[in-house]
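**Student:** Got a structure here, written out as structure tokens. Questions coming.
The values are calculated or read from the model by the stated rules, or taken from the named source; none is laboratory data. Everything quoted here is computed from the prediction, not taken from an experiment. Glycine gets a Cβ as well: all are built from the backbone with ideal geometry, and neighbour counts include every protein chain shown.
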Amino acid sequence: MAVGDEPLSRFANPSADRRVALGRAALAAVALLVGGAFAGLALEALRQSGGALDAFDAYLLRIARFTLWQALLSALLSVGPAILLARALARHPVFPGRAFILRLFAVPLALPAIVAALGVLALYGRAGFFAPSLSALTGERWPGIYGLSGILVAHVFFNLPLATRLFLNALESVPADQWRLAAQLGMGARASFRFLEWPAMRSALPGIAGLVFMLCVTSFTIVLLLGGGPRATTLEVAIYQALRFDFDPARALALTLVQVALAGGVVLALTRLGASLSGDASLPVAPRRFVWHRRREAVLNTVLITLALLFVAGPMAATVLAGLQADLTRLAGEGAVHAATITSLVFAGLSAVLCLALSLMLVAARRALEMRRGALPAGLLERATDSGAALVLIVPPLVIGAGWFILLRHVGDVLAFAPVMVVTVNAVMAMPFAIRAIRPTYDAASARHERLCLSLGISGWTRLRLVDWPALRRPAATALAFATALSLGDLGVIALFGSDQVQTLPYLLLQRMGSYRTADAAGIALFLGLLCLALMFAADRLGRETR
């Protein structure tokens, strides 16, 4: 039996070997999914090399330029106000409604993009709540918030709360004694910003801006619904159009290669900046500190927080009001809605279970490799089990779906593979978040019980059931709820593989919007949004209880 800090690599440990083997299998499954997509693209490149090269034309250049331009504008409009908003919230650590505002800022992260886009349209669309006022203001019929303006509003709705929360986390890292000293010295707002707040936020600024930029580069649903035509199309939407409407694999291949190059460059820059690709699911808790500020500053901060609150709450309230105006009783009795709900829940449940299984395999393998090497540097396999799952963020779900769409069309009916593709792609895309939820608990449990299990010969299913699972139960539930919510609201893969025979709630919602049945779409959006919110809040609640 090993004692003290003696490395376990000196002792026979068949259980660790099995965990490493399972970790290799999980990595192989992820590599197969991503590699299969690239294989489909490569085969198509060999078959239609001339057509793919011809697709690198002025149209592709214009789409790539618009993709970067809208992402840059979205990042600037999200990050700039987030700095001011986070500072205002940090300088008022205690006031009525602060906890509610912070919880409200978590809601956009849980809403499916298609639901949020409908909320924006319900406010600013051609028949939105503000349409009469905007028509009177402009003197002509309000055309609706489509094109670049609609994309920017929706992106800021999603990313302003995210950036604000991350900047708040950076401000909470400032030691309490520095705030106390600033208050004792009577530092005003300008001096506090210069010496305390800006240095903390400046270190986090590149990573936060890069993360928001990446989210906007890979945005699909928002641009699909609010782009408004070819003049406001990004690479992912162009890939979808090339496959589903034009069936031009050569152009889809060229667009996909450019999209992967852009996403890979952004992720590489993010890792160099030290940004977290999966974000943080928790909101900062208001510290008990005294911040000295004048009445004028308090008024300005109040106005800023109120405006941000109205901007974030507006689309949510519009979604609820528009959904309640729909004929919910009729929708609840529709067979198509029942079938789409069952399909969504089955796909989401299978994706969540697969995600949890693969994540556990990688986490267990990484821990076994860490114990085996002792004080030696981490090897390639250990690093792969640690960060390999995060690399799938370089390749957006629609790009993986596009590669497999091209590959599977040589095998048979592409749409018949919809269940497998939706389940597997959504499972792998949720793995970085699931690993983040379960890894700390698993590592802590392993540190406590590893030597005892080795000495008693407890391994395999018996160890998982009796030793590991009691500790992993809550973080595993968090990961399952999170993965289920992400899969429920996803439109990327099902947009390619969906059909009249295989429909999820987002796909059905998109169909109702395409046939101008906006009332039905609003009712389905309300139901989908509430379902995803319940799952995300359950994940957040369970995650807090495990800390």
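**Student:** Take Ala21 and tell me if it is part of a helix (DSSP H, G or I), out of contact with any strand residue (DSSP E or B) (no Cβ under 7 Å at 6 or more places or on another chain), surrounded by 15 or more Cβ atoms within 10 Å (Cβ to Cβ) and not β-branched (Val, Ile, Thr).
**Tutor:** no
**Student:** Taking segment 24-68 as the search range and keeping residues that are over 23 Å from Val411 (Cα atoms) and of a type in the set (Ser, Thr, Tyr), which one is surrounded by the fewest Cβ atoms within 10 Å (Cβ to Cβ)?
**Tutor:** Tyr59
**Student:** Kindly evaluate Trp469 against the criterion of being among the aromatic types (Phe, Trp, Tyr) and at pLDDT below 80.
**Tutor:** Taking the combined requirement at face value, the residue does not satisfy it.
**Student:** Looking only at segment 83-99, how many residues end up being under 22 Å from Ala317 (Cβ atoms), touching a helix residue (DSSP H, G or I) at 6+ places or on another chain (Cβ under 9 Å) and not in a loop (DSSP other than H, G, I, E, B)?
**Tutor:** Total meeting the criteria: 3.
**Student:** To continue, here is another question. Quick one: which of Gly97, Gly40, Gly35, Gly50 is at pLDDT below 90, under 29 Å from Val425 (Cα atoms) and out of contact with any Phe, Trp or Tyr (no Cβ under 9 Å at 6 or more places or on another chain)?
**Tutor:** None of the others qualify; the one that does is Gly35.
**Student:** Considering each of Phe56, Phe66 in turn, give the residue that is part of a loop (DSSP other than H, G, I, E, B) and of a type outside the set (Val, Ile, Thr).
**Tutor:** Checking each option against the conditions leaves just Phe56.
**Student:** Could you grab me the full set of residues in segment 234-246 that are within 20 Å of Ala39 (Cβ to Cβ) and surrounded by fewer than 24 Cβ atoms within 10 Å (Cβ to Cβ)?
**Tutor:** Answer for segment 234-246, where residues must be within 20 Å of Ala39 (Cβ to Cβ) and surrounded by fewer than 24 Cβ atoms within 10 Å (Cβ to Cβ): just Ala242.
**Student:** Being surrounded by fewer than 20 Cβ atoms within 10 Å (Cβ to Cβ) and either polar (S, T, N, Q) or in contact with a Phe, Trp or Tyr (Cβ under 8 Å, 6 or more places away or on another chain) (or both) is true for just one of Val320, Val420, Val414. Which residue is that?
**Tutor:** Result: Val414 is the single residue among Val320, Val420, Val414 that is surrounded by fewer than 20 Cβ atoms within 10 Å (Cβ to Cβ) and either polar (S, T, N, Q) or in contact with a Phe, Trp or Tyr (Cβ under 8 Å, 6 or more places away or on another chain) (or both).
**Student:** Also, quick follow-up: Mind checking whether some residue in segment 428-446 is without any contact (Cβ under 8 Å) to a residue 40 or more places away in the chain, closer than 30 Å to Phe38 by Cβ and aliphatic (A, V, I, L, M)?
**Tutor:** No: zero hits.
**Student:** Condition first: crowded, with 21+ Cβ neighbours inside 10 Å and out of contact with any helix residue (DSSP H, G or I) (no Cβ under 6 Å at 6 or more places or on another chain). Now tell me which residues in segment 435-449 satisfy that.
**Tutor:** Arg436
**Student:** Same structure again: Considering each residue of segment 127-143, count those that are closer than 15 Å to Pro315 by Cα and of a type outside the set (Phe, Trp, Tyr), and give that number.
**Tutor:** Total satisfying the criteria: 3.
**Student:** Moving on to the next point. Mind checking which residues of segment 195-250 are over 19 Å from the mean Cα position of the chain (by Cα), among the hydroxyl-bearing types (Ser, Thr, Tyr) and not in a loop (DSSP other than H, G, I, E, B)?
**Tutor:** The answer is Ser203, Tyr240.
**Student:** I'm told Arg289 meets every condition in (1) modelled with pLDDT under 85; (2) assigned to a helix (DSSP H, G or I) except one. Can you identify the failing condition by its number?
**Tutor:** (2)
**Student:** Taking Val266 as meeting all but one of (1) of a type outside the set (S, T, N, Q); (2) crowded, with 19+ Cβ neighbours inside 10 Å; (3) at pLDDT 85 or above; (4) in contact with a Phe, Trp or Tyr (Cβ under 8 Å, 6 or more places away or on another chain), write down the number of the exception.
**Tutor:** For Val266, the exception is condition (3).
**Student:** Same structure, new question: Assess whether Phe167 counts as being under 30 Å from Gly492 (Cα atoms) and crowded, with 20+ Cβ neighbours inside 10 Å.
**Tutor:** Criteria met by Phe167.
**Student:** Looking at (1) buried (at least 19 other Cβ atoms within 10 Å of the Cβ); (2) under 22 Å from Ser387 (Cα atoms); (3) modelled with pLDDT of 85 or more; (4) of a type in the set (A, V, I, L, M), can you tell me which one Ala261 breaks?
**Tutor:** Unmet condition: (1).
**Student:** Also: Every residue in segment 140-164 that is surrounded by 20 or more Cβ atoms within 10 Å (Cβ to Cβ) and of a type in the set (S, T, N, Q), please.
**Tutor:** Asn159, Thr164
**Student:** If we only count helices (runs of 4 or more DSSP H) wholly inside segment 417-512, which ones have 3 or more residues that are over 28 Å from the mean Cα position of the chain (by Cα) and farther than 21 Å from Phe537 by Cβ?
**Tutor:** Where helices (runs of 4 or more DSSP H) fall fully within segment 417-512 and carry at least 3 residues being over 28 Å from the mean Cα position of the chain (by Cα) and farther than 21 Å from Phe537 by Cβ, they are 418-456, 460-463.
**Student:** Take segment 127-139 and flag every residue that is exposed (fewer than 14 other Cβ atoms within 10 Å of the Cβ) and within 20 Å of Gly227 (Cα to Cα).
**Tutor:** The answer is Ala127, and nothing else.
**Student:** On to the next question. Checking the structure you have, find out if any residue of segment 406-429 is modelled with pLDDT under 85 and in contact with a Gly (Cβ under 7 Å, 6 or more places away or on another chain).
**Tutor:** no
**Student:** So which of Ala12, Ala16 ends up being surrounded by 22 or more Cβ atoms within 10 Å (Cβ to Cβ), closer than 30 Å to Gly460 by Cβ and at pLDDT below 90?
**Tutor:** Ala16
**Student:** Condition first: closer than 19 Å to His155 by Cα and of a type in the set (A, V, I, L, M, F, W, C). Now tell me which residues in segment 223-266 satisfy that.
**Tutor:** Val223, Leu224, Leu225, Leu226, Ala232, Leu235, Val237, Ala238, Leu262, Ala263, Val266
**Student:** Give the residue that is modelled with the highest pLDDT, with candidates limited to residues of segment 137-175 that are small (Gly, Ala, Ser) and closer than 23 Å to Arg202 by Cβ.
**Tutor:** Going through the qualifying residues, I end up with Ala163.
**Student:** Among the numbered criteria (1) touching a helix residue (DSSP H, G or I) at 6+ places or on another chain (Cβ under 9 Å); (2) modelled with pLDDT of 85 or more, which single criterion is violated by Arg65?
**Tutor:** (1)
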